[in-house]
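Have a look at the structure below before the remarks.
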Amino acid sequence: MYHSWGSQNAWLRQIHGWNKLYMNRSTAEDQGLSDGDGVRVESPYGSIKAQIALMEGVNGNTVWTWNAIGKKRGAWNLSPDAPESNKGFLLNHLITDLLPPKDGYRFGNTDPITGQAAWFDLRVRVVKDDGSDKALANDPSDSGIAPRAPGVDKAAERLRFGARFLPSSNWRRNRGGGET
Amino acid sequence: MTSLPNATDGRKLGLVIDLDICVGCHACAVNCKEWNTGGHSAPLTDEEPYGADPHGVWFNRVHSFEAGDGDSGRTVHFPRSCLHCEEPACVTVCPTGASYKREGDGIVLVNADTCIGCKLCSWACPYGAREYDYADGVMKKCTLCIDRIENQHLPPEDRLPACVSTCPASARHFGDLGDPNSDVSQLVAERGGYDLMPEMGMQPVNKYLPPRASTRHDLETPATPPESLPASTDTGSDFLNWVDRMLTR
């Protein structure tokens, strides 16, 4: 879900405000992992923290998640305690956009025919999070809070889309502090 | 408390939702909110929309879960909204008459002008279909889009509930379930449509079509390769030969 393209859509984030890493149940249980465990996901390029959810309908050697939900705290004018910044995570820290040097060139890490970013062939290791590594890319305690962008107002505490369509005599039109 | 209509003319407008087809995309939920935040019960207030616990009024919600273990496991997407029951406890429990069932077509509605926000109806409904609006202080719910299905300003083909008109998989159907010859009634008969929690005695009008049996065993038989694959030819270019191999394997 690419919520960020709509400046953090107030409706979509109610449907899906944070993500988990989905793992095959038997693969996870073989490694001593349980549903809801905190894990570290490591690739050759970085390491992130995530919470796992176990399921049957995923290949045993594959993990997946909903993309583009994790946010830096304060980003997109979300409150710093928003689940996107405290429970969700972003895969980008595990991925590189360039392949290792070859013949003096750095080729893009993309499909050679379509040019599509090669997000789907990354080898990762999933280990139980023991809380020892504080310097992970998405650890909220280290990442600070993004300042509100210039010219952006404080986020609304209540939305009343559609109230303006009611007749001016309707009591519902001006309830709840009016429309924001 | 509030009485149900004594006699109806037999029409029972409602939805038929196909759990075999639904992919859980939430388009029905979002389009429902889009229409209804400007419709009969407008607005559908959102509280803390950018905070830690955003929660708003939705007439339609989708729950996704897995059922079964191992190879028999399957993902089910379950859209949930008002079922417009024939014996709706949300109506009979209402102390003011604000919650009512229409005589002509059986649609269950709330009159916001007489609702006192006591929430008894949300306790009475076993399906969780009532939605309290904290800003307005009244209960709201699915209206079956009465402001679409009867809307003379819309072309006839658009006079459908917003959730039905937007479903990209055609997993949702709208019609008269009181008429055994209607398209929806025949669909229910053909596919074994069922009531949600019939033991509650609400006699829901909306019906759900069950997922069909798994076809996984079909995959265990290897597909037979076509007999006449075009023979690869040397194009004179290593790159084109490689593309040819990739595309014909």
Expected single match for crowded, with 21+ Cβ neighbours inside 10 Å, in contact (Cβ under 8 Å) with a residue 12 or more places away in the chain, farther than 25 Å from B:VAL30 by Cα and under 22 Å from the mean Cα position of the chain (by Cα) among B:VAL91, B:VAL108 is B:VAL91
Could you list all residues from the stretch B:99-131 that are away from chain A (no Cβ under 14 Å), part of a loop (DSSP other than H, G, I, E, B) and touching a strand residue (DSSP E or B) at 6+ places or on another chain (Cβ under 8 Å)? B:ARG102, B:ASP105, B:GLY106, B:ILE107, B:LYS119, B:TYR127, B:GLY128, B:ALA129, B:ARG130
Note on the stretch B:52-76: residues assigned to a strand (DSSP E or B) and either farther than 22 Å from A:GLN8 by Cα or more than 7 Å from every other protein chain (Cβ to nearest Cβ) (or both) are B:ASN60, B:ARG61, B:VAL62, B:HIS63, B:SER64, B:PHE65, B:GLU66, B:ALA67, B:ARG74, B:THR75, B:VAL76
Being in contact with a helix residue (DSSP H, G or I) (Cβ under 7 Å, 6 or more places away or on another chain) and at the interface with chain B (Cβ under 10 Å from one of its Cβ atoms), is that true of even one residue in the stretch A:17-33? yes
Long-range neighbours under 8 Å by Cβ, at least six apart or interchain, first residue surrounded by 23 or more Cβ atoms within 10 Å (Cβ to Cβ) within the stretch B:124-144, second modelled with pLDDT under 95 and not in a loop (DSSP other than H, G, I, E, B): B:ASP136/A:ARG172
Looking for whichever is in contact (Cβ under 8 Å) with a residue 60 or more places away in the chain and farther than 27 Å from B:PRO54 by Cβ here; the options are A:SER43, A:SER34. Which one fits? A:SER43
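Residue-wise test of (1) hydrophobic (A, V, I, L, M, F, W, C); (2) in contact (Cβ under 8 Å) with a residue 40 or more places away in the chain.
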{"position": "A:THR65", "(1), (2)": "no, yes"}
{"position": "A:LYS71", "(1), (2)": "no, yes"}
{"position": "A:GLY74", "(1), (2)": "no, yes"}
{"position": "A:ASN77", "(1), (2)": "no, yes"}
{"position": "A:GLU84", "(1), (2)": "no, yes"}
{"position": "A:GLY88", "(1), (2)": "no, yes"}
{"position": "A:HIS93", "(1), (2)": "no, yes"}
{"position": "A:LEU98", "(1), (2)": "yes, no"}
{"position": "A:LYS102", "(1), (2)": "no, no"}
Which of the residues belonging to the stretch A:54-74 are away from chain B (no Cβ under 12 Å) and more than 19 Å from the chain's Cα centre (by Cα)? A:ASN59, A:ASN61
Residue list for the stretch B:1-51, restricted to those being in contact (Cβ under 8 Å) with a residue 60 or more places away in the chain, more than 7 Å from chain A (Cβ to nearest Cβ) and polar (S, T, N, Q): B:THR2, B:SER3, B:THR8, B:ASN31, B:ASN36, B:SER41
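The values are calculated or read from the model by the stated rules, or taken from the named source; none is laboratory data. Since the structure is predicted, the reported quantities are computational estimates derived from the model, not experimental observations. Ideal geometry is used to build each Cβ from the backbone, glycine not excepted, and the neighbour counts take in all protein chains shown.
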